[in-house]
1. I need the full set of residues from segment 149-170 which are of a type in the set (Ser, Thr, Tyr) and surrounded by fewer than 17 Cβ atoms within 10 Å (Cβ to Cβ), in order please.
2. Given the options TYR40, TYR74, name the one that is over 25 Å from PRO286 (Cα atoms) and of a type in the set (Phe, Trp, Tyr).
3. Give segment 213-227 a look and list any residue that's assigned to a helix (DSSP H, G or I), within 9 Å of the ligand (Cβ to nearest atom) and among the hydrophobic types (A, V, I, L, M, F, W, C), or say none.
4. Of all residues in segment 40-52, which are part of a helix (DSSP H, G or I) and crowded, with 18+ Cβ neighbours inside 10 Å?
5. Could you check how many residues of segment 34-55 are among the β-branched types (Val, Ile, Thr) and under 20 Å from the mean Cα position of the chain (by Cα)?
6. So which residues in segment 142-174 are acidic (Asp, Glu) and either in contact with a Lys or Arg (Cβ under 8 Å, 6 or more places away or on another chain) or in a strand (DSSP E or B) (or both), if there are any at all?
7. Take the conditions more than 9 Å from the ligand (Cβ to nearest atom), surrounded by fewer than 24 Cβ atoms within 10 Å (Cβ to Cβ), touching a residue at least 12 places away in the same chain (Cβ under 8 Å) and part of a helix (DSSP H, G or I) and apply them to ARG59. Does it pass?
8. Confirm whether ALA109 is surrounded by 20 or more Cβ atoms within 10 Å (Cβ to Cβ), touching a Gly at 6+ places or on another chain (Cβ under 6 Å) and under 30 Å from THR22 (Cβ atoms).
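What follows is calculated from the coordinates using simple rules that are stated; it is not laboratory data. This is a predicted model, so every value here is computed, not measured. FYI the Cβ positions are ideal-geometry reconstructions off the backbone, even for glycines, and counts take in every protein chain you see.
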Amino acid sequence: MTVVPQIRPAPARRKIAILGSTGSVGRQTIDLIARAPDAYETVALTANKNVGALAEQARLLHAQMAVVADESQYQALKDALAGTPTKVAAGAQAVVEAAEADSDWIMSAIVGAAGLPATLAAAERGATIAFANKETLVCAGPLMMKLVAERGATLLPVDSEHNAIYQVFDFDHKDGIARLILTASGGPFLSLSREEMAKVTPEQAVKHPVWNMGAKISVDSATLMNKALEVIEAAFLFQMPREQIDVLVHPQSVIHSMVEYRDGSVLAQLGSPDMRTPIGFCLAWPRRMETPVPKLDLAKIGQLTFQAPDPQKFPALAFAQEALRKGGTAPAILSAANEVAVQAFLDKRIGFLDIERINEAVLTALPTAALTDLDVLREADAAARAKAEEMITSRQ
Ligand code: NDP
């Protein structure tokens with residue numbers, strides 16, 4: 001089953017909600033909206049605990065609702081928005097209610113599995129979802145795609161690779177597609193040896209050579225777990241078998257991904273490496289909008305280079321294939337273990353190479369169940385987090 005995008009005419013004024021508005025994707029979304037304020041009406045903005053940034057954004061966009069997931073921040077948010085018409089709420093359930101509010105376009109940009117309930121709520125009511133929160137699709141892919149199909153929701157991928165594929169993917173003649181080729185910058189440690197990688201610090205890992213992103217995805221880019229999650233995301237989003245999804249290292253990040261057709265044609269989407277292009281694509285969809293992204297100057301760039309990923313140096317890609325092969329809850333187990341391991345690395349509790357060790361061990365150790373409903377998913381998620389934490393603690 002392929003979920004063919006529902007093309008609806010874009011309303012003159014789009015009613016939007018941004019989940020994770022204070023993060024890297026959220027801020028870049030607001031950067032674009034603030035340049036065309038008449039085109040958008042902001043129904044809801046949400047954050048985890050960054051009340052200062054959230055209140056500032058709510059004032060800028062005259063948001064109807066601002067929600068902070070951390071309940072202890074409720075009063076601080078209320079104080080920060082005193083005297084404005086913005087309604088204030090707190091707690092995980094309030095984030096879900098922000099997704100349920102009356103918007104027709106939602107940016108799903110919470111990081112990690114925490115974004116799942118709100119993204120499902122948006123799909124449930126058939127909204128158009130600009131979809132950055134890849135962990136949601138990795139964990140709950142089949143459940144999410146079924147819901148999207150049943151409710152007539154539209155998923156617009158924000159991830160630059162999936163957005164690129166989306167732009168050149170022939171949804172009506174999918175049998176002509178031979179392969180998806182996801183490009184990967186290779187992250188900051190592409191040229192390091194394994195010995196050197198063992199010593200890298202969180203500060204080095206979050207400094208991506210091309211993209212400026214949140215801490216978790218930056219570490220994921222350095223381990224290539226981000227690409228592993230993207231392979232799984234692509235398998236669910238485009239309903240493609242894992243054998244037909246390849247990864248190609250392309251350090252300049254100009255070609256954002258490609259679709260190879262059976263006749264040998266390869267279609268690619270190119271652009272300057274700036275998330276405001278895919279975000280703008282989703283904001284204006286199905287039209288196009290002006291963005292401040294520097295125009296691509298290929299003559300100036302001169303050369304684009306490519307290499308195959310090194311499986312010895314970056315085993316994460318094999319984990320993605322294994323999780324897809326196992327199916328069911330396996331991708332959720334891998335993603336949850338990775339969330340815990342990345343946080344432990346950022347907290348300096350484990351080393352960089354321990355992340356892949358923990359991911360592989362948890363994926364191998366835990367049994368895989370059929371992904372029948374959300375309860376099964378929650379159980380698998382909790383078991384994977386507990387197992388990863390146990391490994392981290394026993395190592396210290
Ligand atoms: P950030 O860490 O920069 O931002 C995360 C956002 O989620 C913040 O608004 C944060 O609030 C909020 N948040 C965190 N935890 C919770 C929680 N438990 N409940 C509710 N809200 C929460 O992440 P990014 O913007 O980098 O990434 C967001 C998603 O987009 C990820 O899934 C990532 O993989 C994906 N993505 C990101 C890209 C990028 O360029 N950054 C590119 C492609 C995909 P607060 O600020 O208060 O902590």
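1. Applying the first criterion (of a type in the set (Ser, Thr, Tyr)) to segment 149-170 yields 154, 160, 166.
Within segment 149-170, no residue meets the criteria.
2. Details: TYR40 fails: over 25 Å from PRO286 (Cα atoms).
Step by step, each of TYR40, TYR74 is checked, and only TYR74 is over 25 Å from PRO286 (Cα atoms) and of a type in the set (Phe, Trp, Tyr).
3. Once the filter is applied, which keeps residues that are assigned to a helix (DSSP H, G or I), within 9 Å of the ligand (Cβ to nearest atom) and among the hydrophobic types (A, V, I, L, M, F, W, C), segment 213-227 yields ALA215, ILE217.
4. From segment 40-52, those part of a helix (DSSP H, G or I) are 51-52; that's our starting set.
Result: VAL51, single match.
5. So in segment 34-55, the residues among the β-branched types (Val, Ile, Thr) come out as 42-43, 46, 51.
With the extra rule that they be under 20 Å from the mean Cα position of the chain (by Cα), the set shrinks to 46.
So the count comes out to 1.
6. Going through segment 142-174, the residues acidic (Asp, Glu) turn out to be 150, 159, 161, 170, 172.
Scanning segment 142-174 gives a single hit, ASP159.
7. Working: more than 9 Å from the ligand (Cβ to nearest atom): yes; surrounded by fewer than 24 Cβ atoms within 10 Å (Cβ to Cβ): yes; touching a residue at least 12 places away in the same chain (Cβ under 8 Å): yes; part of a helix (DSSP H, G or I): yes.
For ARG59, the condition - more than 9 Å from the ligand (Cβ to nearest atom), surrounded by fewer than 24 Cβ atoms within 10 Å (Cβ to Cβ), touching a residue at least 12 places away in the same chain (Cβ under 8 Å) and part of a helix (DSSP H, G or I) - is met.
8. On the way: surrounded by 20 or more Cβ atoms within 10 Å (Cβ to Cβ): yes; touching a Gly at 6+ places or on another chain (Cβ under 6 Å): yes; under 30 Å from THR22 (Cβ atoms): yes.
Yes: the conditions hold for ALA109.
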